[in-house]
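Accompanying notes for the structure given below.
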Amino acid sequence: MHGLPERDYKVWLGLDVGKGEHHACALDRAGKRVHDKPLPQDEARLRALFDSLAVHGPVLVIVDQPASIGALPVAVARAAGLDVAYLPGLAMRRIADLHPGNAKTDARDAYVIAEAGRTMPHTLRRVDLNDEALADLEVIVGFDDDLAGEVTRVANRIHGLLTQIHPALERALGPRLQHKAVLELLARFGGPTGLRAAGRRRLLAVARPRAPRSYERIVNDIQTALDQQTVLVPGTKAAEVVLPKLAGQLADLLQQRADAAAQVEEMLDAHPLSQVLISMPGIGIRTAARILLEVGDGSAFPTPGHLAAYAGLAPVTRRSGSSIRGEHPSRSGNKNLKRALFLSAFAALHDPTSRAYYDRKRAQGKRHNAALICLARRRCDVIYAMLRDGTLYHSPAPAAA
């Protein structure tokens, strides 16, 4: 089992967790059901069940969701001195196909979870003992992810409005839409009509404190764009009312993201592996937090290849006779982890070692995304070793020509 202690379990308890009620199915070593009933989301009832099953011998509690609605049974099981494991959803669905019947019920799912723990322990993953700190981190990171989605939605709305009423102004402001000076100008003066009426002196006065180095260039670009269109497009009047509100929303969302990033950084400082991850080029606060949430200390993965496969970075070999051959990118794996490693590889292109590897893959004929995936796969091996040994990243010595 991935990081679980080797113990002679007598009972495997599968919990199909739910919001108000779980379903619990317990199997003994012979596969006989010793318990199969709904279980309320209640600490006293959970403790009573765990204590009654412990009479048979060591118990392994297996959940399909170790966080959110599954957090309480995990915490109670640990408090009762029981080992806890996690069966990933994709593995559960594949294992469920091996059992007869097509019904999708809580009772059947709980049985599948318990049976997987009893007969296929290699499919289980450890629930990190460091979960208390990681649970707090996951709440903040999840909130930040929601904020990122809202930022994209509001920014797209502003882009759409500006493109509709004044394309030239959108081209001038679009690339720097999230700049504090641009948002303040839109919030105070609205769209093209308000910006034109404000005059150059007022625009400079508002932009200067928020862009000391580039305020003149921003105002010059705005006035140049305003001169390129003299007609008034239908909808401009309403846009002048909506744009200040949208700009204020976007500025507030960006500030909330900055505050969330500060909280994430503070939480990461307390984690022993955070500095290990951040020492690697291309890995910042948010990426390090995501890797820790998805991978933990890496002990759940026996080899770097297992971690790469979990992240969906390992190529999949497809071969059928002589008609289908070759290796193809994996479409499975942990999407959040894969995205984090892919983006960190892109951010690491300024690092000479990473850039040289990327250029080598490009020279072999790979496209940009394929070369980045290769780089992410290579970096995945390095991350695994860093987490395993607890060592900071050090750039390898350049190879001799």
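Just so you know, all these numbers are worked out from the coordinates, no wet-lab data involved. The shown structure was predicted, so the numbers you read here are calculated from the model rather than taken from an experiment. Neighbour counts are summed over all protein chains in view; Cβ atoms, including those assigned to glycine, are modelled from backbone coordinates with ideal geometry.
Would you kindly state how much longer the chain becomes between ALA238 and HIS99 on full extension, computed as 0.36 nm times their sequence separation minus their alpha carbon distance, in nm to one decimal? Mind dumping the intermediate values first?
On the way: separation 139, 0.36 × 139 = 50.04 nm, distance 5.98 nm.
Length gained, ALA238 through HIS99: 44.1 nm.
Sum up the charges of everything whose Cβ sits under 13 Å from the Cβ of ILE278, counting Lys and Arg as +1 and Asp and Glu as -1, but leave ILE278 out. That works out to 0.
For LYS361, the aspartates and glutamates whose Cα falls under 19 Å of its own Cα, not counting residues fewer than eight places away in the same chain, are GLU327, ASP351, ASP381. Relative to the longest principal axis of the Cα atoms of the chain, the long axis of helix 215-227 lies at roughly 70 degrees.
Helix 43-54 axis versus longest C-alpha principal axis of the chain: approximately 40°, rounded to the nearest ten. When only alpha carbons are used to place a centre, the stretch 278-297 and the stretch 188-226 end up 39 Å from one another. The mean sequence separation of alpha-carbon pairs under 8 Å and at least six residues apart, normalised by the residue count of the chain, gives a relative contact order of 13 percent. The calculated 222 nm mean residue ellipticity attributable to helices in the chain amounts to -18500 deg cm²/dmol, summing -39500 (n - 2.57) over DSSP H runs of n ≥ 4 and dividing by all residues. The label-point distance for ARG157 and HIS306, in a model that sets each label 7 Å from Cα toward Cβ, rounds to 4.7 nm.
For the chain, the longest principal axis of the C-alpha atoms and the axis of helix 131-165 are separated by about 30°.
To check you understand DSSP bridge types, tell me what percent of the beta bridges within the chain (both residues inside) are antiparallel, rounded to 5. Please list the in-between numbers first.
Numbers: 18 of 28 bridges.
Taking every DSSP beta bridge within the chain, about 65 percent pair in antiparallel fashion.
Here the relative contact order of the stretch 32-153, from alpha carbon pairs under 8 Å that lie six or more residues apart, stands at 22 percent.
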